[in-house]
Amino acid sequence: AGGGAPAGSQAAGVALAAPNAPDAAARERGGASGRELSESERAAAALNWERLGLHSSLVHGLVTQGFGAPTPIQEAALPPALHGMRDLVGAAQTGSGKTLAFGLPILHRLIEEAEAAETDSAADIEAAGAAGATVDELSASP
């Protein structure tokens, strides 16, 4: 369709088109700034990323690396990718943050799955411990 993805929703996923932003503007808005953020900038940056629903460890990493705010493609792609479990197609200028827009949901999901596995493992260990105690109690009975 003329070199860009159509905006709007599709049955199998979501197609996004972000406004073209020059590389410098993308870096200023959402890219790593090359400098350490002040405490107030870090707090604002954390809120910028948290509102999109990213896992707290990803937010911490983004802020630590100097990413102040999501770019337009990141703002458009992250919510449906994180919460909609949908395929996305995005079109935006080079340097606008597409790789991060598509990579963060993958990392987010991997972290959530690892945490769920840890929780399940802990529950299994607790259940096995309770079952072991019951077996011990039964075997101690005459």
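The values are calculated or read from the model by the stated rules, or taken from the named source; none is laboratory data. Since the structure is predicted, the reported quantities are computational estimates derived from the model, not experimental observations. Don't worry about glycine lacking a Cβ; one is built from the backbone with ideal geometry, like all the others, and counts go over all protein chains shown. For the accessible areas, the whole protein counts, side chains as well, though only heavy atoms, and no ligand, DNA or RNA atoms are used. Shrake-Rupley method; radii C 1.70, N 1.55, O 1.52, S 1.80 Å.
General remarks:
- Surface accessible to a 1.4 Å probe, ILE106 within the full protein complex, Å²: 100
- Paramagnetic reach from HIS60 in region 83-106 [backbone N under 19 Å; point 7 Å along Cα→Cβ]: 104-106
- Shown are THR119, THR71, THR64, whose ranking by accessible area with a 1.4 Å probe and every protein chain present, most to least, is THR119, THR64, THR71.
- Taking every protein chain into account, the 1.4 Å probe leaves HIS83 with about 120 Å² of accessible area, to the nearest ten.
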